[in-house]
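The values are calculated or read from the model by the stated rules, or taken from the named source; none is laboratory data. All values reported here derive from a predicted model rather than from experimental measurement. Neighbour counts are summed over all protein chains in view; Cβ atoms, including those assigned to glycine, are modelled from backbone coordinates with ideal geometry.
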Amino acid sequence: MANVIFYEKPGCGTNARQKKALQEAGHTLDVRDLLSEPWTADRLLAFFGDEPVAAWLNPAAPAVKSGEVDPDGLDAATALSMMIDTPLLIRRPLIEADGKKCAGFSREPVPSLLGTPDGASEDLENCKRLPAAGPCPPPAGHSATPKEH
């Protein structure tokens, strides 16, 4: 079993389900607050691998859902800068295990950690919050919208 560093948004129900799945698979979690971590561009970039820039951003982030931020229109430097300024934009969770890193819950090493190398049997990637409920409020002390660059 692996020791998994799990960067989450505190209070996120989807992250709670993801942590439970990893723990039920026998892994030990080192849970960290994604929103208060002192990110740098190089540290963040290591989690994205060869994914396109648009896949680096959280599609459920309020600024993305409202159209204020268009992930498809961003270059790497701008996306990294925005995510450092507004960590709610980072696709989560960020996972580090067995020397591998990823953003989101569908890329390696997550399927191998869960024993589902061909993909998870249950969708643990997407938020289950109903659209009518609106976005989750940001945790205290964190901004939901990007700062000016």
Counted residues in the range 69-89 being of a type in the set (S, T, N, Q), closer than 12 Å to Trp39 by Cβ and outside any loop (DSSP other than H, G, I, E, B) come to 1
Can you tell me which of (1) under 13 Å from the mean Cα position of the chain (by Cα); (2) buried (at least 20 other Cβ atoms within 10 Å of the Cβ); (3) closer than 17 Å to Lys101 by Cβ is the one Val4 doesn't meet?
(1)
For Gly99, the lone unmet condition from (1) farther than 23 Å from Leu113 by Cβ; (2) free of Cβ contacts under 8 Å to residues at least 24 places away in the same chain is (1)
Within the range 43-50, identify whether any single residue is of a type in the set (Lys, Arg), modelled with pLDDT of 95 or more and loosely packed, with under 15 Cβ neighbours inside 10 Å, and answer yes or no.
yes
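Okay, residues lined up against (1) closer than 29 Å to Ala2 by Cα; (2) surrounded by 14 or more Cβ atoms within 10 Å (Cβ to Cβ):
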position	(1), (2)
Glu68	no, no
Pro71	no, yes
Asp75	no, no
Thr78	no, no
Ile90	yes, yes
Can you name the condition, by its number, that Leu57 falls short on among (1) out of contact with any Leu (no Cβ under 8 Å at 6 or more places or on another chain); (2) within 22 Å of Arg17 (Cβ to Cβ); (3) at pLDDT 90 or above?
(1)
Which one of the conditions (1) without any contact (Cβ under 8 Å) to a residue 40 or more places away in the chain; (2) in contact with a Phe, Trp or Tyr (Cβ under 7 Å, 6 or more places away or on another chain); (3) crowded, with 20+ Cβ neighbours inside 10 Å does Gln18 fail to meet, given that it meets all the rest?
(1)
